[in-house]
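Please treat every number below as a calculation from the coordinates, not as lab data. Everything numeric here is computed off the predicted structure, so don't read it as measured data. Here the Cβ positions follow ideal geometry from the backbone for every residue, glycine too, while neighbour counts run over all protein chains shown.
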Amino acid sequence: MLIDARNISLDVPDMGHQVLIGKRRTLRILKNVSISIAKGETVGLVGESGSGKTSLGRTLLRLYQPSEGTLRFDGQDISHASAAELKPLRRRMQMIFQDPQSSLNPRHTIRAIIATALRLHGLDASDKAIAAILDRVGLPSTAMRRYPHQMSGGQRQRVGIARAIALKPDFVVADEIVSGLDVSTQAQVLDLLQGLRAEMGLALAFISHDLSVVRHLCERVVIMRAGEIVEEGLTADVFKNPKTEFTRTLIDSIPLPEVRSGWLG
């Protein structure tokens, strides 16, 4: 397995309470979570707002350090690895953020945004190399000279994808990357991501609250609620025969009658 998380828990400071006796109370937002993702596999992390799916995605990338449990990346235990120990792995683990407007530096051109990531890892940051990366996500080379505010939401999201794939990663976490886009742009971005995943052999954790999108993209699905995994399995199996009432409720909320009646597969 490329990603292997066992009994992961995550505690964060409870900012809603005052410090008592020199210690701030903590909240447990991930509770004994275990998940594995194989090379080239796409897994959907699904749940309502506050279910812990984004926190899990960031923990799998070791942007958050787990409070308990074991996290392995390609066989290496990185549960408590230092920043220096993680640095050689950062190129192999990338994230595409939900809001490209806030995740792209507004003062930098698209060229500078991508070049920064390339230079950080000692890769070719020439105009030719960046133009090739932009071409892979369907953007013209002239986009290099633009700033994020000069691009549409769909184009900004393509830049976010370009920044992630520029480093030729093995594992990508995509966090609600189509939630703010119109339906036609959503389809284009999903098709792009699916094509890149197949071309590059990416392992992909696709975070979404939208099961209809997960049904289109993911081979397996993990259903989360209140920081715990309540159900997981092959996407087709979960849609056809949900084992929990919570999963059934999520599926029934999809405005597609053919999905609820077992259209998938």
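How much length, in nm to one decimal, is gained on full extension between GLN76 and GLU228, taken as 0.36 nm per residue of separation minus their Cα-Cα distance? Each step should come with its number before you reach the end.
Values: separation 152, 0.36 × 152 = 54.72 nm, distance 2.43 nm.
Gain in length upon complete extension: 52.3 nm.
Of the trypsin sites (Lys or Arg not before Pro) found in region 91-191, those in coil by DSSP whose Cβ has at most 12 other Cβ atoms within 10 Å are ARG107. Seen from a random direction on average, the alpha-carbon convex hull of region 141-237 projects onto 7.4 square nanometres.
Share of pairwise Cα-Cα distances greater than 12 Å in region 21-69 is 71 percent (whole percent).
How high is the relative contact order of the chain, in percent, with contacts defined as C-alpha pairs under 8 Å that are six or more residues apart? Walk me through the numbers before you get to the answer.
Working: 477 pairs, mean separation 64.0, N = 265.
Computed over the chain, the figure is 24 percent.
In debye, nearest 20, what is the charge dipole magnitude of region 132-229 about its Cα centre with +1 on Lys and Arg Cβ and -1 on Asp and Glu Cβ, if you could check?
Approximately 320 debye in magnitude.
The Cα center of region 170-228 and the Cα center of region 23-84 differ in position by 17 Å.
Largest GNM mean-square fluctuation across LEU60, LEU211, LEU139, computed for the chain with C-alpha springs under 10 Å, falls on LEU139. Modelled label positions at GLN194 and LYS168, each set 7 Å beyond Cα in the direction of Cβ, lie 2.7 nm from each other. Legend: calculated FRET efficiency, ARG6 to GLU48, from the Cβ-Cβ distance at R0 = 25 Å, rounded to 0.05, equals 0.50. With Cα atoms as the point set, the chain shows a radius of gyration and Dmax of 19.1, 58 Å. Spin-label model, SER152/SER184: points 7 Å from Cα along the beta carbon direction are separated by 0.7 nm. I need the calculated FRET efficiency for the pair LYS87 and ARG58, taking r as the beta carbon distance and R₀ as 22 Å, to the nearest 0.05. Efficiency, rounded to the nearest 0.05: 0.80.
Calculate for the chain the 222 nm mean residue ellipticity that helices alone would give, adding -39,500 (n - 2.57) per DSSP H run of length 4 or more and normalising by residue count, nearest 500 deg cm²/dmol. Walk me through the intermediate numbers first.
On the way: 11 runs with 97 residues, N = 265.
Only helices count here, giving -10000 deg cm²/dmol.
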